[in-house]
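Data block below; observations after.
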Amino acid sequence: MELENKTCMIAGAAGTIGASIARRFYDEGARLALTYHMRKPEQLCSELEGNADRVVWFQLDVADWAQVQQVTRRIQSDLSRLDVLVNCTGAVGPIGPLETLDIREWVRAFEINHFGSVNLAQAVLPAMKVQGGGKILFLSGGGAAYGRPYFTSYSSSKAALVRFTESLAQELKSNNIQVNAIAPGAVKSRMWDDMRAAAGSGGSKLLEELKQMEESGGASPAGAAGLAVFLASDRSAGLTGRLFSAVWDDWEHLDNQIEKINSSDIFTLRRIPLG
């Protein structure tokens, strides 16, 4: 088991992707601190029932710094240490032409997608530094990698998260703390339900994506869960500051290419000069 004896915090475990990652981490031997925003996921709770020594639950709004501090302190106290942080929380935000959007909703999505991750990272870093290392994983979403009209809050907050990932990774190299981001693919989830509800405001590209997703069934959350296990495990030791696609990247065979990846711009967002 790749995560045996590791203590892992998964924020947003009530969501489709977060629940899938929680199941895989549990199967790999991890002790889990799982958070939810509004309601505990009954099915996941039932699956993990009877394992109180390995699974604890906390209610958490990641955009609330005071709550983040309180919950992370309790996790570190109850479980003694924290080896891995995975933030699966996210909001698609308002969809449509910028001038028509409620700026308060726009800012709220940015607070969840970007500042929520900043809050969590800042809260867990002191303990990770003291214990000599750790892993931090963020869910970036595909909106970080390219321009997305009518999704200005979602795409800009996720792009900011990827640059935060790269910058923090460089800052923490000497502390043996690796920071990476995962693009899980178009998984059928609550966020996709929100997109479907706002399809008329998202332009022709969104309508085409929704059509393709209905036909294909969407990406499996198991892909993101498998990638998360790899990045949380010792197999990826030293691999840091990257954005990986659970769908398009051959991440299962990267463990022997870590030095090459770290010395290049592979799996990063970069400006491409003319010529």
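The values are calculated or read from the model by the stated rules, or taken from the named source; none is laboratory data. Keep in mind that this is a model prediction, so the values were computed, not measured. With ideal geometry, Cβ positions are generated from the backbone for all residues, glycine too; neighbour counts draw on all protein chains shown. Protein only, heavy atoms only, side chains kept; ligands, DNA and RNA dropped before computing areas. Shrake-Rupley method; radii C 1.70, N 1.55, O 1.52, S 1.80 Å.
With the highest mean first, a sort of the peptides 247-259, 84-96 on other beta-carbon atoms found within 10 angstrom per residue produces 84-96, 247-259. The relative contact order of the chain, computed from alpha carbon pairs under 8 Å that lie at least 6 residues apart in sequence, is 19 percent.
Out of every Cα-Cα pair that the range 25-141 contains, those further apart than 17 angstrom amount to 61 percent. Under 16 Å Cα-Cα from residue 129, which lysines qualify once same-chain neighbours fewer than 8 residues away are excluded? Once the sequence-local lysines are set aside, what remains near residue 129 is 6, 173. Among 132, 12, 141, the largest mean-square fluctuation in a Gaussian network model of the chain (Cα springs under 10 Å) belongs to 132. In summary, the aspartates and glutamates within cross-link reach of residue 260, defined as a Cα separation below 16 angstrom excluding same-chain residues under 8 places away, comprise 249, 250, 252. Partner lysines whose Cα lies under 25 Å from the Cα of residue 211, excluding those fewer than 8 positions away in the same chain, are identified as 158, 188. Its residue count N sets the reference 2.2 N^0.38 Å, and the alpha-carbon radius of gyration of the chain equals 0.97 times that reference. The largest accessible area among 16, 240 belongs to the first residue in 16, 240, and the rest follow in falling order (1.4 Å probe, all chains). Here each label is just a point 7 Å from Cα along the line to Cβ, and for residue 5 and residue 122 those points are 3.4 nm apart. For the residues 179, 107, 62, a GNM of the chain with alpha-carbon springs under 10 Å puts the largest fluctuation on 107.
Over the C-alpha atoms of the range 1-86, the Rg to Rh ratio, Rh being the Kirkwood estimate, stands at 0.93.
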